[in-house]
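Chemist: Got a structure here, written out as structure tokens. Questions coming.
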């Protein structure tokens, strides 16, 4: 690891002051003064020499470790609450079971005890080329090229790609948050603002080194969940190379609001397919009013995947995504798996 | 302290004085901020029970308990653990009395080469206090952060199940 200096923030305001000098960086991932909490991804990337901050500001002592009710009937998850404490919280389990399930599908028990909710959103892709400083990567070294495009791309994206980057976002939690329409609360020098989760992560385009819309001089303080948690008919399903402790090849957070056998509202967020959790609101809207049957869900999967494109090693993901979507909707609707 | 790396290597100019509580003993060290908790235990405190496997949070060999919760010590900076109670495999026994998890690992021959064992045992002790594992499947899922290259998994699960089913401490 390269050398760096270390300091501690004793309030959100002092943390914002500590990172004020980052303002020229295009987003938080590119900041030279980095906030650190769980450290599970940042320190690993520093060991790999992929991230080279000159200073770390330890924010683990800030009072952002609680879950609170919001005026709108939802929950506000503290940014520094651990993933484990969040997933096992009784309110989260009862009202947002797919979020709890998604968090517990990610990482290991040790990592979930360290990793925080804010940090989970900011974790970076596990693309092999991003991690390997001996290879080109437009995310790590803008303009150097993409090693994955014509390299080993089995784990890579099938939707929303650009010729500059085909990396996928690794988070499970963020996929469930996308399906729930959560909001990320952040504080910067100008005060607080709210970023809808769908606008928090971004597609690579021609600037794949920019992961999020979180500015380099802002800190995440919490994540707000709306009142609607789809507790009765929702699930998180993750397909991966081993039974546990592996990143998703394909994952799906699905939620249904049913009126008898008719779909009133449907949500689907996919993980492992793109540079951000993938939603297709037109395909979701087309499910409204349809019967909650396999045929409806198959049609929905076809619509979501109509523009999916495979590369040399990951074309299997398109069929796998179709199966995962169908199975997840069957589970959420209470149908027997086909 | 005997001859440790702290005595042998000249201090970088920007070391920090850090006080850690490890296995109930308070220790003050001068450490560079980038020193991980794992390296601190092994190189500065001579507590070599905690193992370095992958050093990337993928194998679990470095698992220790911080305030009773299991974490990967390779992915944590020592300076961030000031004021916390750190327990390593050396701190589990009470004098000559092994922790029930240590006894169960011996009874079930839950290791071959033994390199992953301190991490497996610390992780299993953390698992017990979390109270979420109710079945062998739960144990397998919640112990997935600890890799055993010798493949002693069936015996590891059996050892943990025995302690889960018996007296917890």
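No lab work stands behind these numbers, since they all come straight from the coordinates. Since the structure is predicted, the reported quantities are computational estimates derived from the model, not experimental observations. Positions of Cβ are backbone-derived with ideal geometry, glycine not excepted, and every protein chain shown enters the neighbour counts.
Chemist: What span do the alpha-carbon atoms of chain B cover on each of the three principal axes, reported in whole Å from largest to smallest?
Modeler: 51, 29, 27
Chemist: Still on this structure, please answer the following. How large is Rg over Rh for the range A:1-51, taking Rg from the Cα atoms and Rh as the Kirkwood inverse mean of 1/r across Cα pairs?
Modeler: Reported Rg/Rh (Cα atoms, Kirkwood Rh): 0.96.
Chemist: Let me confirm one metric for peptide A:80-90, namely the mean number of other chain beta-carbon atoms within 10 Å of its residues' beta-carbons.
Modeler: If you average over the peptide's residues, the count of other-chain Cβ atoms is 1.
Chemist: Determine the calculated [θ] at 222 nm for chain A from helices alone, applying -39500 (n - 2.57) to every DSSP H run no shorter than 4 residues and normalising by the residue count; nearest 500 deg cm²/dmol.
Modeler: Helix-only estimate at 222 nm: -7500 deg cm²/dmol.
Chemist: Ratio of Rg to Rh for the range B:100-165, alpha carbon only, Kirkwood?
Modeler: 0.90
Chemist: To continue, here is another question. Report, in degrees rounded to the nearest 10, the 0 to 90 angle that the Cα long axis of helix B:117-130 makes with the longest principal axis of chain B.
Modeler: In chain B, helix B:117-130 runs at an angle near 70 degrees to the longest axis.
Chemist: Treating the angle as unsigned and between 0 and 90°, give the value, to the nearest 10°, between the Cα long axis of helix A:316-333 and the longest Cα principal axis of chain A.
Modeler: Once rounded, the angle reads 70 degrees.
Chemist: Using Cβ contacts closer than 10 Å as the measure, can you line up A:316, A:200 from fewest to most?
Modeler: Final ranking by Cβ density, sparse to dense: A:316, A:200.
Chemist: At 7 Å along Cα-to-Cβ for each site, give me the label-to-label distance between residue B:19 and residue A:232 in nm.
Modeler: 5.7 nm
Chemist: Taking the square root of 5 times each eigenvalue of the Cα gyration tensor, what semi-axes in Å does the equivalent ellipsoid of the range A:234-333 have, largest first?
Modeler: So the equivalent ellipsoid measures 23, 15, 11 Å along its semi-axes.
Chemist: Just check the range A:213-268 against the gyration tensor rule for me: Cα atoms, a ≥ b ≥ c as the square roots of the eigenvalues, rounded for a/c under 1.5, and otherwise prolate or oblate depending on whether a/b exceeds b/c.
Modeler: Because a/c hits 1.5 or more and a/b fails to exceed b/c, the range A:213-268 counts as oblate.
Chemist: Can you pull the one-decimal nm distance between simple spin-label points at residue A:192 and residue A:262, each 7 Å off the Cα toward Cβ?
Modeler: That separation, rounded to one decimal, is 4.0 nm.
Chemist: Run the quick spin-label model on residue A:48 and residue A:286: label points 7 Å from Cα toward the beta carbon, then report their separation in nm to one decimal.
Modeler: Going by the 7 Å Cα→Cβ label model, 3.7 nm.
Chemist: Compute the angle between helix B:153-165 and the longest alpha-carbon principal axis of chain B, please, reported from 0 to 90 degrees and rounded to the nearest 10.
Modeler: Once rounded, one gets 80 degrees.
Chemist: Fewest first, what order do B:86, A:325, A:67 take by the number of other Cβ atoms within 10 Å?
Modeler: Neighbour counts put them in this order, fewest first: A:67, A:325, B:86.
Chemist: Can you compute the label reach from residue A:318? Point 7 Å from Cα along the Cβ direction, backbone N cut-off under 18 Å, restricted to the range A:275-298.
Modeler: Only A:275, A:298 pass the distance filter.
Chemist: Gap in Å between the Cα centre of the range A:255-288 and the Cα centre of the range A:55-78?
Modeler: Taking the Cα centre of the range A:255-288 as reference, the centre of the range A:55-78 is 28 Å away.
Chemist: Over the Cα atoms of the protein assembly as shown, what is the Rg over Rh ratio if Rh follows Kirkwood?
Modeler: 0.97
Chemist: What value, in deg cm²/dmol to 500, does the helix sum -39500 (n - 2.57) over DSSP H runs of n ≥ 4 give at 222 nm once divided by the residues of chain B?
Modeler: For chain B, the value works out to -7500 deg cm²/dmol.
Chemist: Considering only C-alpha atoms, what is the centroid distance from the range A:184-217 to the range A:155-172, in Å?
Modeler: Computed from Cα coordinates, the inter-centre distance equals 18 Å.
Chemist: Another question about this same structure. Test of understanding: ordering B:103, A:68, B:26 by Cβ neighbours within 10 Å, fewest first, what list do you get?
Modeler: B:26, A:68, B:103
Chemist: Here's another thing I want to ask about it. Relative contact order of the range B:5-91, please, whole-number percent, based on alpha carbon pairs below 8 angstrom and at least 6 residues apart.
Modeler: Computed value for the range B:5-91: 34 percent relative contact order.
Chemist: Based on alpha-carbon positions alone, could you give the equivalent ellipsoid semi-axes of the range B:5-91 from the gyration tensor, as √(5λ), descending, whole Å?
Modeler: Largest first, the range B:5-91 gives 19, 15, 12 Å.
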